[in-house]
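To start, the structure itself, in structure tokens.
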Amino acid sequence: MLPPLLKQVLDNFNFDVDPDLTPEQNTEEVIKSAALLSGAIAVEPLPFADILLITPVQAKMVLHIGKIYGFDLTPERAQDVAKELGMTVAYGMAARQVMRGLAKIALPVLGGLITAPAVYGWTFALGRMAEQYFDRKRQGLPFSDRERAQVVQEAKRSTKRVLPSASDFGDLAAELRRRAQDREQAAGTATQTPNDDTQSQSRH
């Protein structure tokens, strides 16, 4: 189930830079989309598997933000940048990942709904970090640890104002699951059809 779900998640996070919007407005759309998707993934009752799904979403978010500010990154480089910036907001993340996994084992749906806001906030903060990173890089300015910490604190305050409801996370998770199942069924049908044709031809 993981590969179709991962593909469905990434397909729902396609982004083109809108020339009619400012870099800040474009970035806002990317960050909120990535954070909502990450929160929806956390709702899924897949113990520890959300780590495998959330990381690609966060890397793709960084790639898009880099594009907005004029930097064309490879997916690998985007993932490296995400890891580099993530070190600033990663305090306690390992423990929280374990607790999320254990919660999903004990209370699959409830555990996901409880942790979705934390995952949303974590991704939102990482997006804000990437925004400042590329903006300063474009201007040839440094991005000190103190400045990074300030961005994280501001992101925490902003998250409280824009945090979606539990039903928003649950509804999106259900929709992603449905589309992933449809994709998997369609792929299975497409695989069977050529074999049926081959068998039919061999009988003639």
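Among the residues making up the range 58-86, those that are buried (at least 23 other Cβ atoms within 10 Å of the Cβ), touching a Phe, Trp or Tyr at 6+ places or on another chain (Cβ under 8 Å) and touching a residue at least 60 places away in the same chain (Cβ under 8 Å) are M61, I65, I68, L85. Can you pull out the residues in the range 154-173 that are closer than 12 Å to G121 by Cβ and not in a helix (DSSP H, G or I)? Residues satisfying the conditions are L163, P164.
None of D50, D20, D72 is charged (D, E, K, R) and modelled with pLDDT under 85 except D50. Inspect the range 158-168 for any residue being among the basic types (K, R), at pLDDT 75 or above, over 15 Å from S38 (Cβ atoms) and surrounded by 11 or more Cβ atoms within 10 Å (Cβ to Cβ) and give the result as yes or no. Within the range 158-168, none of the residues are among the basic types (K, R), at pLDDT 75 or above, over 15 Å from S38 (Cβ atoms) and surrounded by 11 or more Cβ atoms within 10 Å (Cβ to Cβ). For the range 142-153, enumerate the residues that are more than 17 Å from P117 (Cβ to Cβ) and assigned to a helix (DSSP H, G or I). Correct list: D145, R146, E147, R148, A149, Q150, V151, Q153. Kindly indicate whether any position in the range 174-188 is touching a helix residue (DSSP H, G or I) at 6+ places or on another chain (Cβ under 9 Å), among the small types (G, A, S), closer than 20 Å to F124 by Cα and touching a residue at least 40 places away in the same chain (Cβ under 8 Å). No - not one qualifying residue is present in the range 174-188.
The values are calculated or read from the model by the stated rules, or taken from the named source; none is laboratory data. Since we're looking at a predicted model, the values are computed, not measured. Glycine gets a Cβ as well: all are built from the backbone with ideal geometry, and neighbour counts include every protein chain shown.
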